[in-house]
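Report on the following structure.
Here, each number is a calculation from the coordinates, and none is a lab measurement. What you see is a predicted model; the values in this text were computed from it and never measured. Virtual Cβ from ideal backbone geometry, glycine too; neighbours counted across all protein chains shown.
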Amino acid sequence: MSAYAKSTDSEEANEWVPQHEHDQQNRPSLLIIDSFALLFRGFFSMAAVGNYMKNSKGIPTNGLHQFARYMLHAIDTFKPSHVVCAFDMGKETFRNQLFPAYKAHREAPPSELIPQFDMLWQLVEAFGQSE
């Protein structure tokens, strides 16, 4: 699949547009967000340099802040007609049965990240996204 598609408009017949823009013009699209993956990514992108944003109660929020930035950027970039936020809830899944070492060597999340898990649900609900 090409990342670009030929425009079908007669005025723009010689222009190439990004595939997601071309597709959006023609049919509904779905953006699936791996919520915990983005939360972890956002947290560690700032925590790596010791930057912990905190709310008025002193609870770290840097993962949540970055999650919101990533999500809004993806929505703005791809302009999906639908957005779903997915959550990986359990330790044991079918993946563990297929591959017993799945996530076996992961360390526990940092204490600054743990309170952000429940707050992520609230953030996603505030955006009106499904989980």
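In table form, for the structure just shown:
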| item | result |
| --- | --- |
| Which of 107, 92, 112 has the fewest Cβ neighbours within 10 Å, and the rest in rising order | 107, 92, 112 |
| Likely footprinting exposure, 32, 59, fewest C-beta neighbours within 10 Å first | 32, 59 |
| Prolate/oblate/rounded label for the range 49-131 (Cα gyration tensor, a/c 1.5) | oblate |
